[in-house]
Amino acid sequence: MAKDNKTKNLNQPLGGNDMPRFAGPATMMRLPARETAEGLDVCFVGVPMDIGVSHRSGTRFGPRQIRAESSMIRPYNMATGAAPFDSLQVADIGDVATNTFDLKNSVELIEKAFDGILSLGCLPLTLGGDHTLTLPILRSMAKKHGPVALVHIDAHADINDEMFGEKIAHGTPFRRAVEEGLLDCNKVYQIGLRGSGYSPEDFEWPRRQGFRVVTAEECWWKSMTPLMQEVRETIGDHPVYVTYDIDSLDPAFAPGTGTVEVGGLNTWQALEIVRGCRGLNIVGGDLVEVSPPYDTSGNTALIAANLLYEMLCVLPGVKYGGAG
Ligand code: MN
Ligand code: MN
């Protein structure tokens, strides 16, 4: 396999036997850094921002910390048999230069950056950043693919009409996405929703749009594997975007985030959800809302890094070896 990779010149993460895992480049999974997405099948890209958040800040440091905590991830997926670096050309293309003084301008800059990535035929996996960033990515996705299906894992529906009078914020992206026709609403899953709300409308509005809302309580004590079978049957081969808000996890697992809700998913359910996306026609994904100042152990960023790796492992075209 190593010989094959050399022939195809596929990038490999820098191994722990070549450079200690606490040293070397601070890129995602210690992959080569690239200036652009040119020649890549998949890129990791950071969108460092927290000016869309409504409560605790800090997600501007998310991409950097996710990269740091990704340094121990090895290339082969022991559980599923996925060997993503034997199949795809992957690199870390750094961060989108957001305008930290202007949220609306940042949203424009993100859309432009993703238009560029998609125009090169590269599939982006994004390190967030607050959840506002998913709106400009979906705008870019819809230009290329038409309205996309969505797998959205989150404690929150993020369908507020406005927050403090603002239409653009981390709690509004999926309301805007519906209004703008970016989603195939009958192929949208929101998984892990919970907590207190302003009214039942918080979950009823998405249901009226055709979304399938799966509350955290519906997930308690259960494997997510049957749910993901339903997701695959519903979405079929339609282009689908995966957006993973780390606050979908219980704060016992992932306290390093801004808007914490009790009674969330556990890490093995998170793995079942992402692994259950295998077979879908994934066109991009993101992992958002990691706030390192509230992540004193680094575990939130470490889980985030692993979930991004698992997303990479289920992308179309990934080879499976071993028992997978
Ligand atoms: Mn969210
Ligand atoms: Mn959330």
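Listing for the model above:
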item: Nonlocal amide H pairs with GLY264, under 5 Å, H built at 1.01 Å; result: ASP250
item: Crossing angle, helix 299-313 versus the chain [Cα axis fit, 0-90 degrees, rounded to tens]; result: 70 degrees
item: Whole-number percent relative contact order across region 250-324, with pairs defined as alpha carbons under 8 Å at least 6 apart; result: 40 percent
item: Sequence-distant residues sharing a close amide H with ASP184 (under 5 Å, placed H); result: VAL148, ALA149
item: Cα gyration tensor shape for region 213-324, rounded if a/c is under 1.5, else prolate or oblate; result: prolate
item: Rounded D (µm²/s) - region 239-280, Kirkwood Rh over Cα pairs, Stokes-Einstein at 4 °C, 1.567 mPa s; result: 116 µm²/s
item: 3J(HN,Hα) from dihedral phi, region 98-111, Karplus parametrisation 6.51/-1.76/1.60, rounded to Hz, x for glycine, proline; result: 6, 9, 5, 9, 8, 5, 5, 5, 4, 4, 5, 5, 5, 4
item: Contour minus Cα-Cα distance for GLU201 and ARG21 (0.36 nm per residue); result: 60.0 nm
item: Cα gyration tensor, region 70-220 - rounded (a/c under 1.5), prolate or oblate; result: oblate
item: Lys pairs, the chain - Cα-Cα below 17 angstrom, 8 or more residues apart or on other chains; result: 7
item: Mean separation of Cα contacts under 8 Å (6+ apart) over length of the chain, as relative contact order %; result: 21 percent
item: Amide proton proximity set for GLY94, modelled H, under 5 Å, gap of 5+; result: ARG34, GLY46
item: Where only alpha carbons of the chain are counted, the Rg and the Dmax (Å); result: 18.2, 59
item: For region 138-147, Karplus couplings with θ = phi - 60° (6.51, -1.76, 1.60), whole Hz, Gly/Pro x; result: 5, 4, 5, 4, 5, 4, 8, 10, x, x
item: Region 166-183 - phi-based ³J(HN,Hα) in whole Hz, Karplus 6.51/-1.76/1.60, Gly and Pro as x; result: 9, 7, 10, 6, 6, x, 10, x, 7, 5, 4, 4, 5, 4, 8, x, 8, 10
item: Point-to-point label distance, GLU230-SER297, nm (Cα→Cβ direction, 7 Å offset); result: 3.1 nm
item: Label-point gap, in nm, between ALA33 and SER57 - each point 7 angstrom along Cα→Cβ; result: 2.5 nm
item: For the chain, share of DSSP beta bridges that run antiparallel, in % to the nearest 5; result: 5 percent
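Since every read-out is calculated from the coordinates, none of them should be taken as a lab result. Quick caveat, the model's predicted, so the values are computed rather than measured. Here the Cβ is made from the backbone with ideal geometry for all residues, glycine too, and neighbour counts use every protein chain on show.
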